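In what follows, a single structure is set out as structure tokens and then discussed.
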Amino acid sequence: MADKPENHLAIAAYYRTLAGDALAEAEKHKAMRNTYRHDHQKFKSGAATGQSMARHCDRLTKLQEETAAEYEAPAKLHEAEAAA
């Protein structure tokens, strides 16, 4: 529980770190998606790559971006509390 401005700022920094980590994961999945975009080969198991893997990466990118936004909200709240 934060009761001092410096506590609120520490909590805000923690949430911003989590948001940054989520955005970094989103960027990784964006990069991975691009490797599947034009790949029409199959895995050794015979499973097709391409569209299904691109959709998988798109979903994970979106989820990570949403997660980052969820972490940004309490960060902003704690920064506002620290400034009050």
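Every read-out reported here was derived from the displayed coordinates using simple, explicitly stated rules and does not represent laboratory data. These numbers come from a predicted model, not from an experiment. Cβ sites come from the backbone with ideal geometry, for glycine too, and all protein chains shown count toward neighbours.
Some values worked out for this structure:
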| item | result |
| --- | --- |
| Residues of the range 1-32 satisfying the condition of being touching a helix residue (DSSP H, G or I) at 6+ places or on another chain (Cβ under 6 Å) and closer than 19 Å to Glu66 by Cβ | Tyr15, Arg16, Leu18, Ala19, Ala22, Leu23, Glu25, Ala26, His29, Lys30, Met32 |
| Among residues of the range 4-17, those that are surrounded by fewer than 17 Cβ atoms within 10 Å (Cβ to Cβ) and either touching a residue at least 24 places away in the same chain (Cβ under 8 Å) or farther than 12 Å from Ala84 by Cα (or both), counted | 7 |
